[in-house]
1. Kindly provide the set of residues from region 200-225 that are open to solvent by less than 20 Å² (accessible area, probe 1.4 Å) and under 19 Å from Cys279 (Cα atoms), ordered by number.
2. If you scan region 146-171, which residues turn out to be hydrophobic (A, V, I, L, M, F, W, C) and under 22 Å from Ser105 (Cα atoms)?
3. Out of Thr36, Thr95, Thr90, I need the residue that is within 26 Å of Trp257 (Cα to Cα) and of a type in the set (Val, Ile, Thr). Which one?
4. Which condition does Pro128 not pass, out of (1) more than 30 Å from Leu271 (Cα to Cα); (2) of a type outside the set (A, V, I, L, M, F, W, C); (3) within 21 Å of the chain's Cα centre (by Cα); (4) open to solvent by 40 Å² or more (accessible area, probe 1.4 Å), if it passes all the others?
5. Of the residues that sit in region 133-169 and are among the acidic types (Asp, Glu) and open to solvent by 60 Å² or more (accessible area, probe 1.4 Å), which one is farthest from the chain's Cα centre (by Cα)?
6. Check region 178-192 and report whether any residue there is surrounded by 18 or more Cβ atoms within 10 Å (Cβ to Cβ), of a type outside the set (D, E, K, R) and not in a helix (DSSP H, G or I).
7. (1) assigned to a helix (DSSP H, G or I); (2) within 13 Å of Pro214 (Cβ to Cβ); (3) open to solvent by 20 Å² or more (accessible area, probe 1.4 Å): which one isn't true of Trp283, the others all being true?
8. Picking from Ile263, Ile249, which residue would you name as being within 20 Å of the chain's Cα centre (by Cα) and either farther than 26 Å from Gln165 by Cβ or open to solvent by 60 Å² or more (accessible area, probe 1.4 Å) (or both)?
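The values are calculated or read from the model by the stated rules, or taken from the named source; none is laboratory data. Every value quoted in this text rests on a predicted model; they were computed, and no experiment measured them. Because the Cβ atoms are built from the backbone with ideal geometry, glycine has one as well, and the counts that use them run over all protein chains shown. SASA here: full protein model, heavy atoms, side chains in, ligands and nucleic acids out. Shrake-Rupley method; radii C 1.70, N 1.55, O 1.52, S 1.80 Å.
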Amino acid sequence: MLANGSVVKCNRQENVELFLATCCGLGAMGIILTATLQCEKAYNLLQRRYAATLSGVLECLDVHLNASDHFRFYWFPHTENVVIDHINRTTEPTTKHGMVSKMKSWLREYAIGYFALEFVYWISTLIPSIVPKINYHFFNLLHSTTKSRVERGDKVMNIECLFKQHVNEWAVPINKTAVTLYELKEWLAKNPSVYVHFPVEVRFVKGEDFYLSPAYGGDSCYINVIMYRPYGKTVPYNEYWAAYEAIMIKAGGRPHWAKTYNITSSELAKLYVHYEKWCQLRWKFDPNCLFVNSYLKRVFDF
């Protein structure tokens, strides 16, 4: 439904520009009343997770990207350690977990990976210099051994977000993955007074043609950085965010719209090929700014 109350249909054959502007369009074009989705039956995924080094992964990135249906990894800043996920569709049955296995999983993922981690990160707000040791030891506690499992797809692809956090995530062209991560690692090494939490999540997506998609125009790598807020306590992150965003912009990156970022509309205009076209369409379909909210005002200067 457009701002004038009319209802229009858009897809890749009809009202194509409106379709490309509405998908990933931040709700600015109108209200989506109905949507047709292409679905398939639920399927199982085989996940194999193992430890590696950041340099080892980046040097063989193409091999990893072509080795499985889905590939992602998690870097532990202030160390060389990464955790790799290779994930493939499978017809194998889901992994059976006995009572002992479930207890071990809970101890590892929640007693250590949640409650203990939140406590020691809270301690680090008083003694920031222990953050590198936390990152190193929790990697060894949680991820130093190889694991594999078969689960329904959503249980593999979704991850536990743990406790409150500040998050910033940008997508860069896939061929900029290595140089971007090396630059971020180098910046941290040159700024030893800045302590950052794990993980840096690195994942890969196919390119899209939606006007405001961060992955517009080609296959992309999303790099997600995080600073936890243990027990709701705010931690310093502005210096880290500023350096991270500068590296992302240099690499031709674009921000994830649902995460924290600090760039202005003039900077966004340089990052998106169809930024002006999207703005023109928004004014065309909503000239009185009926659908403009505080977020859109802040980001686009409407």
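1. Answer for region 200-225, where residues must be open to solvent by less than 20 Å² (accessible area, probe 1.4 Å) and under 19 Å from Cys279 (Cα atoms): Tyr211, Leu212, Ser213, Pro214, Ala215.
2. Matches in region 146-171: Val150, Val156, Met157, Ile159, Cys161, Leu162, Phe163.
3. Working: Thr95 fails: within 26 Å of Trp257 (Cα to Cα); Thr90 fails: within 26 Å of Trp257 (Cα to Cα).
It is Thr36.
4. (3)
5. Let us first name the residues in region 133-169 that are among the acidic types (Asp, Glu), namely 151, 154, 160, 169.
Still in the list and also open to solvent by 60 Å² or more (accessible area, probe 1.4 Å): 154, 160.
Details: Asp154: 16, Glu160: 13 Å.
Checking each candidate, the answer is Asp154.
6. So far as region 178-192 goes, no, none of its residues is surrounded by 18 or more Cβ atoms within 10 Å (Cβ to Cβ), of a type outside the set (D, E, K, R) and not in a helix (DSSP H, G or I).
7. (2)
8. Unique residue meeting the criteria: Ile249.
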